[in-house]
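Presented below is the structure to which this report refers.
The values are calculated or read from the model by the stated rules, or taken from the named source; none is laboratory data. What you see is a predicted model, and the numbers here were worked out from it, not measured in a lab. All Cβ positions, even for glycine, are placed from backbone atoms using ideal geometry, and neighbour counts span all protein chains on display. Note: areas computed on protein heavy atoms with side chains; ligands, DNA, RNA excluded. Shrake-Rupley method; radii C 1.70, N 1.55, O 1.52, S 1.80 Å.
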Amino acid sequence: MKPLPPTQRPNWRYIAAEMVPQWCNVSARDMHYALLGCEASLFGDSAAATMRTSVISCGDGVVVLRCIRGTEKDVETVLATVTDVGDFSVALHPFATSGTLHALRKKIRPCSHPSEEGNCKIGENTYR
């Protein structure tokens with residue numbers, strides 16, 4: 001089968017969202033199912049299928065999603081409604097949107113995880 005020319009391929013947008021708490025170990029599959037459930041309950045099955053949302057990666061406190069161009073605001077609304085992923089209670093806060101994964105990964109800042117003693121360093125301050 002011949003590949004589609006660039007003018008007929010879908011235009012994707014990539015969204016990065018911070019996962020709170022950042023140290024939860026959530027699989028990309030569980031995150032995908034949680035997003036699909038929230039999309040379907042918020043917009044219905046037809047609109048959820050139109051968004052074509054998928055999880056690219058999920059780890060280190062950051063979730064990277066892919067959706068069709070023009071539906072970014074709807075996907076960000078869905079992210080606000082996610083409360084449970086698998087066995088964890090999480091909140092998702094979108095902080096960057098881009099047309100390419102390369103540009104999006106430049107916007108992602110590394111986060112520090114709490115040490116074994118329960119300390120976490122944010123900026124120059126250390127918290128318990």
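Condition first: surrounded by 15 or more Cβ atoms within 10 Å (Cβ to Cβ) and part of a loop (DSSP other than H, G, I, E, B). Now tell me which residues in region 22-38 satisfy that.
Residues satisfying the conditions are GLN22, CYS24, VAL26.
When you look at LYS107, is it without any contact (Cβ under 8 Å) to a residue 12 or more places away in the chain, under 13 Å from TYR14 (Cα atoms) and charged (D, E, K, R), yes or no?
For LYS107, the condition - without any contact (Cβ under 8 Å) to a residue 12 or more places away in the chain, under 13 Å from TYR14 (Cα atoms) and charged (D, E, K, R) - is not met.
Can you tell me which residue among VAL82, VAL78, VAL90 is open to solvent by less than 30 Å² (accessible area, probe 1.4 Å), among the β-branched types (Val, Ile, Thr) and touching a residue at least 60 places away in the same chain (Cβ under 8 Å)?
Selected residue: VAL90, the only one of VAL82, VAL78, VAL90 that is open to solvent by less than 30 Å² (accessible area, probe 1.4 Å), among the β-branched types (Val, Ile, Thr) and touching a residue at least 60 places away in the same chain (Cβ under 8 Å).
Look at ARG13 and say whether it is open to solvent by 70 Å² or more (accessible area, probe 1.4 Å), under 15 Å from ILE68 (Cα atoms) and either in contact with a Phe, Trp or Tyr (Cβ under 8 Å, 6 or more places away or on another chain) or of a type in the set (D, E, K, R) (or both).
So ARG13 fails the test.
Being part of a strand (DSSP E or B), among the small types (Gly, Ala, Ser) and either open to solvent by 40 Å² or more (accessible area, probe 1.4 Å) or within 15 Å of GLU18 (Cβ to Cβ) (or both) is the filter here, so list the residues in region 39-66 that pass it.
Listed by number, the residues that qualify are SER57, GLY59.
Which one of THR71, THR50 is more than 25 Å from LYS106 (Cβ to Cβ) and β-branched (Val, Ile, Thr)?
Of the residues listed, the single one that is more than 25 Å from LYS106 (Cβ to Cβ) and β-branched (Val, Ile, Thr) is THR50.
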